[in-house]
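Asks: Here you go, one structure.
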Amino acid sequence: MAHSLDFYFFPGSTYTYLTVNRIETKAAEAGMSVRWCPYNLRVILKETGVTPFPPESAKRRYMWRDIERRTKRLGIPYTSEPEYPVDPDLKALRVAMVASDEGWCPEYMKAYYRAWFIDHKPPGLADNMEAFLMGVGRDPGVVLPRAMSDETTRMMEASVGDAHRLGLFGSPHFVVAGEVFWGDDRLEDALEWAVRQGDVAEAPGSL
């Protein structure tokens with residue numbers, strides 16, 4: 001049996017929009033399951049002094065044009081450049097931690113990116129989260145207290161420890177049996193590698 005795929009992501013990542021919209025289909029085609037693993041990339045970026053896409057920079061202009069091209073190629077909705085950055089208080093990340101722990105992370109992240117990229121109402125900004133959660137059938141009065149709790153803070157800290165251990169530095173990352181792949185355009189590579197490892201493990205006479 002092929003390995004499962006660990007999908008490490010940060011909800012403030014722009015390129016992760018592409019992955020969220022296609023990872024389940026691609027993994028199913030490869031006969032694999034996906035484990036959704038939100039992590040606090042912001043800590044890693046601060047440690048390394050990296051600003052991913054500085055305002056008014058050529059890199060930032062390229063990023064949006066690249067995403068527009070890839071959405072057209074992949075058949076993913078895209079209308080116009082959305083607001084960026086988002087989630088200044090890490091509220092969206094905290095809710096993702098809860099969603100991952102409770103098993104509704106795929107549903108949450110797909111709706112989250114639709115709200116950000118298509119509806120232009122990022123759940124992490126202003127007072128958008130409460131209405132957003134109600135829109136996806138979740139009770140803000142239940143979800144948000146847990147999201148803002150010390151328990152979730154500890155989960156976020158643990159996610160940074162996982163990132164250090166695995167050598168993660170961006171979003172999205174795909175990890176299969178300790179092998180790390182970075183970037184939405186490496187999703188197929190990660191799946192192919194995982195399937196090959198599974199085939200080797202099942203080969204006659206293999207250990």
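The values are calculated or read from the model by the stated rules, or taken from the named source; none is laboratory data. The model shown is predicted, which means the values in this text are computed figures rather than measured ones. Counting neighbours? That spans all protein chains shown, and the Cβs are built from the backbone with ideal geometry, glycine included. The accessibility values were calculated without ligands, DNA or RNA, using every heavy atom of the protein model including side chains. Shrake-Rupley method; radii C 1.70, N 1.55, O 1.52, S 1.80 Å.
Asks: Given the conditions (1) among the aromatic types (F, W, Y); (2) in a loop (DSSP other than H, G, I, E, B); (3) open to solvent by 80 Å² or more (accessible area, probe 1.4 Å), report the number of the one that F53 does not fulfil.
Replies: Here F53 meets the rest and fails (3).
Asks: In region 72-91, what residues are of a type outside the set (D, E, K, R) and either touching a residue at least 60 places away in the same chain (Cβ under 8 Å) or open to solvent by less than 50 Å² (accessible area, probe 1.4 Å) (or both)?
Replies: I76, Y78, P82, Y84, P85, V86, L90
Asks: What are the residues in region 92-138 that are within 21 Å of R154 (Cβ to Cβ), surrounded by fewer than 19 Cβ atoms within 10 Å (Cβ to Cβ) and in contact (Cβ under 8 Å) with a residue 12 or more places away in the chain, if any?
Replies: Selection gives D101, W104.
Asks: Looking at (1) open to solvent by less than 70 Å² (accessible area, probe 1.4 Å); (2) in contact with a strand residue (DSSP E or B) (Cβ under 8 Å, 6 or more places away or on another chain); (3) outside any loop (DSSP other than H, G, I, E, B), which is the only condition E24 fails?
Replies: (1)
Asks: Residues of region 154-188 being without any contact (Cβ under 8 Å) to a residue 12 or more places away in the chain and open to solvent by less than 70 Å² (accessible area, probe 1.4 Å), which ones?
Replies: Result: A158, G161.
Asks: List every residue pair whose Cβ atoms sit under 8 Å apart, with the two residues 6 or more apart in sequence or on different chains, where the first one lies in region 1-19 and is more than 17 Å from L191 (Cα to Cα) and of a type in the set (D, E, K, R) and the second, anywhere, is in a strand (DSSP E or B) and at pLDDT 95 or above.
Replies: Partner pairs satisfying both residue conditions: none exist.
Asks: State all residues of region 163-207 that are modelled with pLDDT of 95 or more and over 24 Å from the mean Cα position of the chain (by Cα); if no residue qualifies, say none.
Replies: Residues satisfying the conditions do not exist here.
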